[in-house]
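Chemist: Supplied in structure tokens, the structure appears directly below.
Please treat every number below as a calculation from the coordinates, not as lab data. Model, not experiment: these values are computed from the prediction. Quick reminder, even Gly has a Cβ in these numbers, built from the backbone with ideal geometry, and neighbours come from all protein chains shown.
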């Protein structure tokens, strides 16, 4: 059984994942489809060699997965396997960012 403190911490972490995924999706759409490049949107973004021509397209499915699943998880009262799968994407984001 998960106590209230752990449940609150998990909801805060999932909220952080939701905010990050939404921000990153907006950034990808703005830069890829509309060619908008401003400092507020491109903060902490750098070009990558491993995905050069399709970088923004590579992360869009993961962003959409995170947004949909976190919204679903925050609406229901219990966390489960889906929450663990969603939280497992956080190291994947870090790996994407660290690759050259």
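Chemist: Any chance you could run the full-extension gain for residue 84 through residue 30? It's 0.36 nm times the residue separation minus the Cα-Cα distance, nm to one decimal. Please list the in-between numbers first.
Modeler: Numbers: separation 54, 0.36 × 54 = 19.44 nm, distance 2.98 nm.
Full-extension gain reported as 16.5 nm.
Chemist: To the nearest 0.05, how large is the calculated FRET efficiency for residue 57 and residue 7 if R₀ is 41 Å and r is the Cβ-Cβ distance?
Modeler: On the way: r = 35 Å, r/R0 = 0.86.
Given R0 = 41 Å and the Cβ-Cβ separation, E is 0.70.
Chemist: Let me ask something else about it. So what is the relative contact order of the chain, in percent, for Cα pairs below 8 Å that sit 6 or more residues apart?
Modeler: Working: 49 pairs, mean separation 36.4, N = 100.
Relative CO of the chain lands at 36 percent.
Chemist: Of the listed values [x] 1.05; [y] 0.95; [z] 1.03, identify the label whose number matches Rg/Rh (Cα atoms, Kirkwood Rh) calculated from this model.
Modeler: Only one listed value fits the structure, namely [z].
Chemist: Return one number: the angle in degrees, 0 to 90 and rounded to the nearest 10, between the long axis of the Cα atoms of helix 55-75 and the longest principal axis of the Cα atoms of the chain.
Modeler: 20 degrees
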